[in-house]
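The values are calculated or read from the model by the stated rules, or taken from the named source; none is laboratory data. All values derive from a computational prediction rather than experimental measurement. Here the Cβ is made from the backbone with ideal geometry for all residues, glycine too, and neighbour counts use every protein chain on show.
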């Protein structure tokens, strides 16, 4: 038996549950409910009420990625540092939330941020008055960052951990002060990890759903929620067609982003999953 | 040429890592333009000593002077010292050219002796190209580091350090990863580069042959102490103690007793020697190089023995000869072969018998560095 046959269960699985459904999606996207070819489904996309959602998704995913990078990079740098003996346990702590279901985590976030939740109780106890968080974009952003931060920390941590410490000493030796060691050597050398982290945060963030709905009481919809909403709209006869065309558009957007990031890290050294 | 000026001076340098004493009270000076090798077995403290000079480690006590002023607390990036690291530590996000230009790019135009940023770029280009020529890597500017062989990476690491025109270049076993032939080539190239540029080289190795080939001065280190400092010939011919004798080249080390000046007894035989100033009947270590044992007829030898084994080594044969009487196993190098099992006589001329005080590394006598560049 040829070695490639060992992958046949996976190939079959992918064929049945990824390739065939994708063909269905394409079919629906380019046809009307009665089966004739059309591009009108894609025209729906430019309607302001849909376009606004897509743009907001991109914006929030971008903010989320930047925040994750700003928070995650120093964390990873600290964890990967020499002479820090508790790195393993801290990495486990960072991973721990990922072992729980995303919805559970988001529900927990709701209770924390609710108008009568833990955060406001604490603020009131301190005499600072309540703040309204749930339902704002800020709440959604917090939810996204909370859920995707580990995906930024881990690839950067892995790359930094693998970095030979003598490279840092070489930089010092050649005249880098501590700041320049970081800007000239550590960051450039960890680009593969950064690229991997950005991909692993941005992709799921831009297509995420449920997080936004839950943390905004359904007021803020992102692209994922939109597609979900369109498919479940019982009154619209073209819902499957428009939903499919939107799914395809998101797919193309993600492919473009991957292509762009591949340019930055052609060897995929960050070990990204995308 | 080596100048008399002391460029770097270490005074009473000790280094502990926790309870482990890595360096004990090291005194050493390094002269301008000197090629000095720190030689010793793994774990002897030679790399730690190098890292202290480079600024990557702080001495636990003692001081390091650079041109007379204290270097303690001055970070590596402010020292006029550059390092070639053991595993090269090249920046693989940069190509060959940018690796070499790395240190120069960090400098201001004034530091490079030019007026404007534009001139700086031209000056960097000039220096990088000169270095590429020196290490024979012209045409490799745009290559990525990962596309280079070990020997090529090694040359780039040297160029990257030398391009900054440091006062001192530290080299931490830079040839360790290369094959024998390439290593020998690089040894000669390094030596000629050092002479050409007039830069002080401090070289760390455990390879005694490498040390003998390249150095003006060798400091033999063991157990965190300097065992002997001197030029290669002196170290080889007049080892201070049994450790140095054993580490530098091969040796027969025997227990002996000094009967009087110029007369020593070992293997139940009295030998004329050329060492004086030992106490009467003082127990000593006697060192005889394998090539200094002459094989003669059994009837005329000062000592007799039976050949145990013969190994062909290329230039010579190495024979193990079991001496009669105390059964000492002599290692003998000779261009003539005596087959295993044959009976032989051995003689040793007086000046090939080296007498050393019995000394272990723990209570080694402090080593005095000879103040001038004697032969």
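Brief remarks follow.
- Residue A:98 being modelled with pLDDT under 85 and farther than 30 Å from residue B:81 by Cβ: yes
- Where a residue in the range A:159-178 is facing chain B (nearest Cβ under 9 Å) and surrounded by fewer than 19 Cβ atoms within 10 Å (Cβ to Cβ) and its partner, wherever it lies, is assigned to a helix (DSSP H, G or I) and at pLDDT 90 or above, with Cβ under 6 Å and at least six apart: A:177/B:77
- Residue in the range B:6-17 that is assigned to a loop (DSSP other than H, G, I, E, B), in contact (Cβ under 8 Å) with a residue 24 or more places away in the chain and crowded, with 16+ Cβ neighbours inside 10 Å present: no
- Residue B:220 part of a helix (DSSP H, G or I) and away from chain A (no Cβ under 14 Å): no
- The lone criterion from (1) out of contact with any strand residue (DSSP E or B) (no Cβ under 7 Å at 6 or more places or on another chain); (2) in contact (Cβ under 8 Å) with a residue 24 or more places away in the chain; (3) farther than 30 Å from residue B:163 by Cα left unmet by residue A:241 is number (1).
- Condition met for residue B:283 (part of a loop (DSSP other than H, G, I, E, B) and modelled with pLDDT of 90 or more): no
- Where residue B:87 falls short, out of the listed (1) within 14 Å of chain A (Cβ to nearest Cβ); (2) within 21 Å of residue B:10 (Cα to Cα): (2)
- Residue B:256 being in contact (Cβ under 8 Å) with a residue 24 or more places away in the chain and outside any strand (DSSP E or B): no
- Residue that is farthest from the other protein chains (Cβ to nearest Cβ), among those in the range B:72-84 that are surrounded by fewer than 17 Cβ atoms within 10 Å (Cβ to Cβ) and assigned to a loop (DSSP other than H, G, I, E, B): B:72
- Across the range B:48-71, the number of residues qualifying as in a helix (DSSP H, G or I) and either closer than 14 Å to residue B:24 by Cα or more than 12 Å from every other protein chain (Cβ to nearest Cβ) (or both) comes to 3.
- Qualifying residue in the range A:188-197 (condition: surrounded by fewer than 20 Cβ atoms within 10 Å (Cβ to Cβ), free of Cβ contacts under 8 Å to residues at least 40 places away in the same chain and within 14 Å of chain B (Cβ to nearest Cβ)): yes
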